[in-house]
Amino acid sequence: ARREGFSSIPNVKWEDVGGLDSLRHDFNRYIVMRVKKPQYYEGIGMNLESGFLLFGPPGCGKTLIAKAVANEAGANFIHIKGPELLNKYVGESELAVRTLFNRARTCAPCVLFFDEVDALTTKRGKEGGWVIERLLNQLLIELDGAEQRRGVFVIGATNRPDVMDPALLRPGRFGKLLYVPLPSPDDRVLILKALARNKHIDSSVDLSAIGRMDACENLSGADLAELMNEAVMAALDEKLASIETTCDTLTDTLTIRTSHFEVALTK
Ligand code: ATP
């Protein structure tokens, strides 16, 4: 596993993301083209937001889309989990925030992704006390240094926007709020198709029908990824069993069929 805060260009592409087209459109305009064609943005007569908050239920693609944005822009990606910044000695959290933004500036263009950002921002004066207060103030200072933040895009993710300190949601900070919903039946189909990209699915498998099944109602993208994994495992089990009986070797590609999805749906 990569060290926390390590920067690199992620290998997630837009094609790996199912649905969420309006988010793709937003990020294309706000980040990707800004990095790739900065000349288009000269003299447009307005300040474009550089801070975003993705919110919505768990497992619906917040991390995935942040990575795809960085990949598409050819930008570095720094992944930091909110609670890990907090688990420091008193005073060290502020230093960690400063160091993080310094590193992001050094490797700009860069997407700085704060997962579970709500952990840092429990409304001031309530729980958490002054450690969070000081950390939050340092974060606000860094976020407001817009001049020095050129080429650094900040994306936060949370399942609980309601506990976010309102100060963080102002323009220039995590100023643009973007909802990442539970997928609709049609979106589930798009997610299954995206997940199928690197797998060998038999042409008789009807992913459109599977995605729209009642059994898939309320499944998140992460649940659908799990379903796909179970189908792969079912195909693998079948193959291993047949190798045992026929003394064959495992040579050709693993093909996933409808029967394997049927097994997966019972899990
Ligand atoms: P959390 O709030 O739990 O951190 P998240 O919204 O950041 O969740 P991700 O980590 O992006 O969710 O998604 C987890 C996994 O689920 C992804 O790695 C991917 O396999 C799958 N997944 C989720 N949403 C999608 C999607 N829209 N398209 C394709 N795969 C998805």
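Residues of the range 191-207 that are within 16 Å of the ligand (Cβ to nearest atom) and either open to solvent by less than 40 Å² (accessible area, probe 1.4 Å) or more than 24 Å from ALA68 (Cβ to Cβ) (or both): ILE191, LEU192, ALA194, ALA196, ILE201, LEU207. Report yes if PHE52 is within 16 Å of the ligand (Cβ to nearest atom), of a type in the set (Phe, Trp, Tyr) and over 12 Å from the mean Cα position of the chain (by Cα), otherwise no. Yes. Scan the range 218-227 and tell me whether some residue there is away from the ligand (no atom under 12 Å from the Cβ) and under 25 Å from the mean Cα position of the chain (by Cα). The answer is yes, given that some residue of the range 218-227 is away from the ligand (no atom under 12 Å from the Cβ) and under 25 Å from the mean Cα position of the chain (by Cα). Answer yes or no as to whether LEU168 is in contact with a helix residue (DSSP H, G or I) (Cβ under 8 Å, 6 or more places away or on another chain), modelled with pLDDT under 95, of a type in the set (A, V, I, L, M) and open to solvent by 80 Å² or more (accessible area, probe 1.4 Å). For LEU168, the condition - in contact with a helix residue (DSSP H, G or I) (Cβ under 8 Å, 6 or more places away or on another chain), modelled with pLDDT under 95, of a type in the set (A, V, I, L, M) and open to solvent by 80 Å² or more (accessible area, probe 1.4 Å) - is not met. Restricting LEU178, LEU219 to those that are surrounded by 13 or more Cβ atoms within 10 Å (Cβ to Cβ) and part of a strand (DSSP E or B) reduces the list to LEU178. Residues in the range 152-165 that are in contact (Cβ under 8 Å) with a residue 40 or more places away in the chain and either in a helix (DSSP H, G or I) or open to solvent by 30 Å² or more (accessible area, probe 1.4 Å) (or both): 4 in all.
Would it be correct to say that SER203 is among the polar types (S, T, N, Q) and assigned to a helix (DSSP H, G or I)? So SER203 fails the test. Condition test on ILE210, is it touching a Phe, Trp or Tyr at 6+ places or on another chain (Cβ under 8 Å), in contact (Cβ under 8 Å) with a residue 12 or more places away in the chain, closer than 29 Å to THR63 by Cα and buried (at least 20 other Cβ atoms within 10 Å of the Cβ)? Answer is yes for this residue.
The values are calculated or read from the model by the stated rules, or taken from the named source; none is laboratory data. Model, not experiment: these values are computed from the prediction. Positions of Cβ are generated from backbone atoms using ideal geometry, with glycine treated the same way; all protein chains shown enter the neighbour counts. Please note that ligands, DNA and RNA were not included when accessible areas were found on the heavy atoms of the full protein model with its side chains. Shrake-Rupley method; radii C 1.70, N 1.55, O 1.52, S 1.80 Å.
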